[in-house]
1. What are the residues in the range 454-490 that are over 60 Å from the mean Cα position of the chain (by Cα) and open to solvent by less than 20 Å² (accessible area, probe 1.4 Å), if any?
2. Got a number for residues in the range 361-403 being modelled with pLDDT of 75 or more and of a type outside the set (A, V, I, L, M)?
3. Filter the range 328-351 for residues that are β-branched (Val, Ile, Thr) and touching a residue at least 24 places away in the same chain (Cβ under 8 Å) and give the result.
4. Taking Arg223, is it part of a strand (DSSP E or B) and charged (D, E, K, R)?
5. Here are Leu283, Leu225: which of them is within 52 Å of the chain's Cα centre (by Cα), at pLDDT 85 or above, crowded, with 19+ Cβ neighbours inside 10 Å and not assigned by the TED database to the domain that holds Gly132?
6. Does Thr425 count as at pLDDT 70 or above, open to solvent by 70 Å² or more (accessible area, probe 1.4 Å) and either of a type in the set (Gly, Ala, Ser) or under 28 Å from Pro481 (Cα atoms) (or both)?
7. Could you run through the range 460-493 and say how many residues are closer than 22 Å to Asp566 by Cα and either outside any helix (DSSP H, G or I) or among the acidic types (Asp, Glu) (or both)?
8. Using the structure shown, decide if Phe320 is open to solvent by 90 Å² or more (accessible area, probe 1.4 Å), within 27 Å of Trp21 (Cβ to Cβ) and either of a type in the set (Asp, Glu) or modelled with pLDDT under 75 (or both).
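The values are calculated or read from the model by the stated rules, or taken from the named source; none is laboratory data. The shown structure was predicted, so the numbers you read here are calculated from the model rather than taken from an experiment. Cβ placement follows ideal geometry from the backbone for every residue including glycine, while neighbour counts extend to all protein chains displayed. We work out accessible area using only protein heavy atoms, side chains counted, and drop any ligands, DNA or RNA first. Shrake-Rupley method; radii C 1.70, N 1.55, O 1.52, S 1.80 Å.
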Amino acid sequence: MKRIINGFRNRFSFKQKLFIWVVICMLLPMVFSVINLNISSSQILRERLIQSEENASELTEANVSNMIDNVIQTMNDATFNNDIQPMISSLRNEPLGARQILEINNRLSSLSRNHNISLSIVSAEKDQVMSGSGWRPAFTEQQSVYEEFQSRMEELSSFQVRWLGPASQLGDNTFSGDYVNSPILLSRRLTDYNGETTAYLFARISRTELDRVLLTDEDVGRRNLLLDREGNVLYGNEDYVPGQEFPYGDNGRAGKETFVTTMEDGKNHVIVRQDLEQRDWSLVSYVPYQQAANSLDRAYQQNFFIQAGAFLLFTLIMLFVIHRFFRPIQRLVYTAEKVEQGHLDMRNDLQRHDEIGRLSTSFDHMLDRIQETIQQTKTEQAMKRKAEMEVLQSKIQPHFLFNILNTIRIQMFKDGNTENAKLITSLGTLLRAIYRGSEWVTLTEETKQLEEYVKLINPMRKYAVELEQEVDADAAAEKVPQFILQPVIENACYHGLPAAAGRIRVRAWTEDTMLCIEVSDNGKGLEPEKLAGIKRALFVNKEDIVRDYMKQKNSMFGIGLKNVYDRMKLTYGSALYMDLESTLHEGTTVFMRFPRTQRGLMGDESTAGGR
């Protein structure tokens, strides 16, 4: 089994394995569903068939109930009509005139027009009949039957409706013939304001309306019957005609009853029997079991073929989609293989806006960054080797030079040339600092070198420069790269104060973990355009510094203010902040802020140009 799994893993690509697993995950539920359906299909079919017949019976019962509600509502409208009720109430005193009868007929016709029913009002003495359709119940013309009807109606209140049953069972032969059913009649007692009976309201539900709500489903052979409380048919079909007893089920049982039994034709039928809401009538539906089962079985077969077709279609769509989705991934794989072979100039160049597009863009940017990093590393190594060579060269101890300078200084003191002797002393101090070879010095040592430098250049100038230094105690002991201030002082002397006396002020203080140094002069300053150009040339990021070095391999490593910024940037990276401010005829200020702890080569984000 393990060999099979390993073979599957190694033989197919990721796209093929993904497609196979998608098909398996879709196919397994379908196979299990078919197997389970075949095992339990008989019981499921029986349960679903019974449930389907119960649902159909409930729908028919709702239609019948809705029809009965409409009939009763129409009878209520006729009973309490403001035009009909006063005229009917006066029947005990005097007969209605022809105009009144015509008006009642019109009202009854209007009320029953849209409900497939007929309305008729027969006076208690049966001498006057009002009907919108000219219909009168036939049994009202039979004295004995009508008197029995009247005695039963007196047992009911004027708000109750009596269900009389099929018209054919009440002596109406109008509907005899090939058609087995006849309309169903309802009645209500109409009274005057004293509660005395004045007339009877009859409603006749047409066979058209009854056929509509008791519609037979020929596709599955479903038939519907209306039964009375004794189980006799009120509205039936050619199998069970009105007046015939329906022999199946418990006639005395209330509620719903569903069962499967064999009927006279020798076939099993599903029978659903349930009571109607309005009275003691019941609705019965029966359907041949095998015919209904075949209908459901065809539905199962159709469902299976639909599922199989949908599965095939989905498989084709999934194959197409997976292929489309994997095209950019295959492109990424191809690019990665080429990069692995050493082709670092390969790129994906996928123009997409989704996750794959972002992955491709990130991959291309990573390759760009790798190339830049490799080139930058090569350049930094070259710079490092050059710096190490310069350090080695600087470590050659020029004792003879210091001895000669010391001999000259002593001789000048002997000759009384004290001023020049002091200059020789300052020069020696600077040379010792230069040849000492130390990269880091304390800020106190750095400011001491500034004093010696100013002592050396003042004799060369027509006007002396005054140096002021304010160094906080916390800042004095901080380590800084050597010679970061001397080029700034030199720049102030030769460019800010070239031919005039002036003052150069050096301030140093700490802010939490940062060391701040400010060098300002009161010289001639810079014009705004020239200041902006100097800033653009000076304040660049680490990559630009390396790039400038690559373009100027034969030049010196840099001098002046730019040398200071480049050295500080390579040392402190993005933690360095340096700015240059100048106002014409007022002076120039150089400000720098960097960490108090030395950190070596750092990040590459430039923060120059604004505090």
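1. Val454, Ile457, Val465, Pro487, Ile489
2. So the count comes out to 15.
3. Ile329, Thr335, Val339
4. yes
5. Leu283
6. So Thr425 does not fit the description; no.
7. 9
8. No: the conditions fail for Phe320.
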